[in-house]
Amino acid sequence: MKTMRETVDVLVAGGGTAGHIAALQAAREGARTAIIEAGTMLGGTMTAGGVYMPNHFFSKTGPVVQGIAWELYCKSKAVEGLPIPDWTRRRPQETPGYYSYINVPIYAAVAEEEAVQAGITLHYHEFISAVASAGNCWEVTSLGRGIRRITTAREIIDCTGDSDVVRALGLEVMYDQVRQPGTLQYKIEGIAHEEIWEQEVQTLYEEALAAGVIARGDFAYPNILPFKYYLDHGGHNATHVYNADTSDSDGQTAANIEGRARMLRMFKFVKNRVPGCERAVLKTMYPFALARETYRTLGEYVVTKDDFLQAREFEDKVCNAFNYVDMHSQQEGCELYFHEDENLVPKIPFRALIPKGSSRLTVAGRIVSAERFALAGIRAQCTCMAMGQAVGAAAALAIKRGVPSREIDSKDIVALTLAHGAAPV
Ligand SMILES: Cc1cc2nc3c(=O)[nH]c(=O)nc-3n(C[C@H](O)[C@H](O)[C@H](O)COP(=O)(O)OP(=O)(O)OC[C@H]3O[C@@H](n4cnc5c(N)ncnc54)[C@H](O)[C@@H]3O)c2cc1C
């Protein structure tokens, strides 16, 4: 195994939803930036995981997340040759927000092109395995195929989705024994939707469930939606993998096996027993099951349920977090909680992105320091990307000024992200 050495200003751990935006922001402000990504492309859950629905760039009242996230979305839509939906019209009755869809291969390639243009060094197929403090720097060991890399970095941004860097340093994390279910994304095509009769398929679903042909969780939302919804979406984003914990390879393996067993069971049921599905084809399966939550970072501030629901103003706010609370569970399926006033836009304070007692280290994405209930609203992709842009800005300013990122004033972070197109906070 070769040992490689590299020195950068900013190391982004995980090039997923939050991480690719964090790295772009840091690099575009002149920081020598590298991404170490365990997977094979940028975007994480939103691309490789098949959750190609970034919510929400707009609230009812206007833009809430723009900046680099919106720029990449618009650039990938341009490659697709598709118009950008009008935000004033794209608002469903049942939930507030603006629903967007990306084309996975195009978005991942566009994001990568931008990363290369910004001078970001990309290391795919590498896992961060150890992190140590070395004076005013970090020494990060990552393992890839045939490679052991030691990266010296002045700032680290942990965007691993599981607080891998925070845990490697022995800093505090939050972990609940009961967690939201995960999902394996797949898509059944070839359903003759015009032949689907809502009440008939509902009865067939309930009978199959009672007979043990399919299992609870194979359809995720029986408490809020009819089974026809599963067929309308070809099963995409409509199943649960109970208690998925993908933070280590044993948990990932177990979640993959459970997810694929559920997929196979549902496909057989749909294809063999549901009128209108005789020509159904299992067309797409994303390679790994996803978790909605595992280890969250304990930060200098923990965003509470009330902070989120009342959209508390923070002195050190750095980005918006507009969403309803989307809480999945094994018992209920899915429960949605809305703000009493749809115009409220929750905020993320910089302190929730700084691991408690740490320096030269920030986090972004679903590992934000937040109570579980609040996280079920904050974890939406646009908010993850906005957090990424904020900590990328903090790291770049820290490098320029020769101070740790935690000493950067949140107002300077906001000013820099605004200069890079972000929505006002
Ligand atoms: C099933 C499901 C459905 C969802 N539906 C929606 C939706 O419709 N709309 C919406 O907006 N949001 C949705 N969400 C929420 C949202 O997708 C996630 O909360 C968000 O993408 C998480 O972003 P992240 O950057 O924290 O993590 P990720 O995007 O998962 O990125 C983490 C990255 O880190 C890498 N990594 C992990 N460990 C290491 C390591 N040790 N070394 C190197 N790299 C590492 C991973 O490979 C990955 O690329 C959904 C989530 C799930 C699971």
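The values are calculated or read from the model by the stated rules, or taken from the named source; none is laboratory data. Just so you know, these numbers come straight off a predicted model, no measurement behind them. Positions of Cβ are backbone-derived with ideal geometry, glycine not excepted, and every protein chain shown enters the neighbour counts. For the accessible areas, the whole protein counts, side chains as well, though only heavy atoms, and no ligand, DNA or RNA atoms are used. Shrake-Rupley method; radii C 1.70, N 1.55, O 1.52, S 1.80 Å.
For region 21-40, which residues satisfy the criterion of being open to solvent by 20 Å² or more (accessible area, probe 1.4 Å) and either farther than 29 Å from residue 182 by Cβ or near the ligand (Cβ under 8 Å from one of its atoms) (or both)? Residues satisfying the conditions are 28, 29, 30, 32, 37, 38, 39.
The criterion of being within 19 Å of residue 48 (Cα to Cα) and touching a residue at least 40 places away in the same chain (Cβ under 8 Å) does not hold for residue 243.
Do we have residue 210 as in a helix (DSSP H, G or I) and surrounded by fewer than 18 Cβ atoms within 10 Å (Cβ to Cβ) here? Criteria met by residue 210. The set of residues in region 181-198 being within 16 Å of the ligand (Cβ to nearest atom) and surrounded by fewer than 19 Cβ atoms within 10 Å (Cβ to Cβ) consists of 187 alone. Taking residue 17 as the residue in question, decide whether it is near the ligand (Cβ under 8 Å from one of its atoms), open to solvent by 10 Å² or more (accessible area, probe 1.4 Å) and polar (S, T, N, Q). It is true that residue 17 is near the ligand (Cβ under 8 Å from one of its atoms), open to solvent by 10 Å² or more (accessible area, probe 1.4 Å) and polar (S, T, N, Q).
What residue, of 110, 178, 166, 116, is outside any strand (DSSP E or B), more than 13 Å from the ligand (Cβ to nearest atom) and crowded, with 21+ Cβ neighbours inside 10 Å?
110
Taking region 130-161 as the range and being under 21 Å from residue 364 (Cβ atoms), touching a helix residue (DSSP H, G or I) at 6+ places or on another chain (Cβ under 8 Å) and surrounded by fewer than 24 Cβ atoms within 10 Å (Cβ to Cβ) as the test, only 154 passes.
Of the set (1) within 14 Å of the ligand (Cβ to nearest atom); (2) part of a loop (DSSP other than H, G, I, E, B); (3) open to solvent by 20 Å² or more (accessible area, probe 1.4 Å), all apply to residue 82 but (1). Residue pairs whose Cβ atoms lie under 7 Å apart, separated by 6 or more positions or on different chains, with the first residue in region 307-324 and more than 15 Å from the ligand (Cβ to nearest atom) and open to solvent by 10 Å² or more (accessible area, probe 1.4 Å) and the second assigned to a loop (DSSP other than H, G, I, E, B) and of a type in the set (Val, Ile, Thr), are 311/345; 317/425. Looking across region 119-129, just one residue is surrounded by fewer than 17 Cβ atoms within 10 Å (Cβ to Cβ) and more than 11 Å from the ligand (Cβ to nearest atom), and that is 119.
Please work out if residue 374 is under 15 Å from residue 153 (Cα atoms) and part of a helix (DSSP H, G or I). Spelling it out, it is not the case that residue 374 is under 15 Å from residue 153 (Cα atoms) and part of a helix (DSSP H, G or I).
Scanning region 90-135 for residues that are closer than 23 Å to residue 31 by Cβ, charged (D, E, K, R) and without any contact (Cβ under 8 Å) to a residue 40 or more places away in the chain gives a single hit, 113. Here is the figure for region 255-311: residues that are under 22 Å from residue 174 (Cα atoms) and either aliphatic (A, V, I, L, M) or out of contact with any helix residue (DSSP H, G or I) (no Cβ under 7 Å at 6 or more places or on another chain) (or both) total 11.
Among the residues making up region 152-162, those that are over 22 Å from residue 248 (Cβ atoms) and either of a type in the set (Val, Ile, Thr) or within 14 Å of the ligand (Cβ to nearest atom) (or both) are 152, 153. Every listed requirement among (1) open to solvent by 10 Å² or more (accessible area, probe 1.4 Å); (2) touching a helix residue (DSSP H, G or I) at 6+ places or on another chain (Cβ under 7 Å); (3) within 13 Å of the ligand (Cβ to nearest atom); (4) in the same structural domain as residue 163 (by TED's automatic domain parsing) is met by residue 379 save one, (2).
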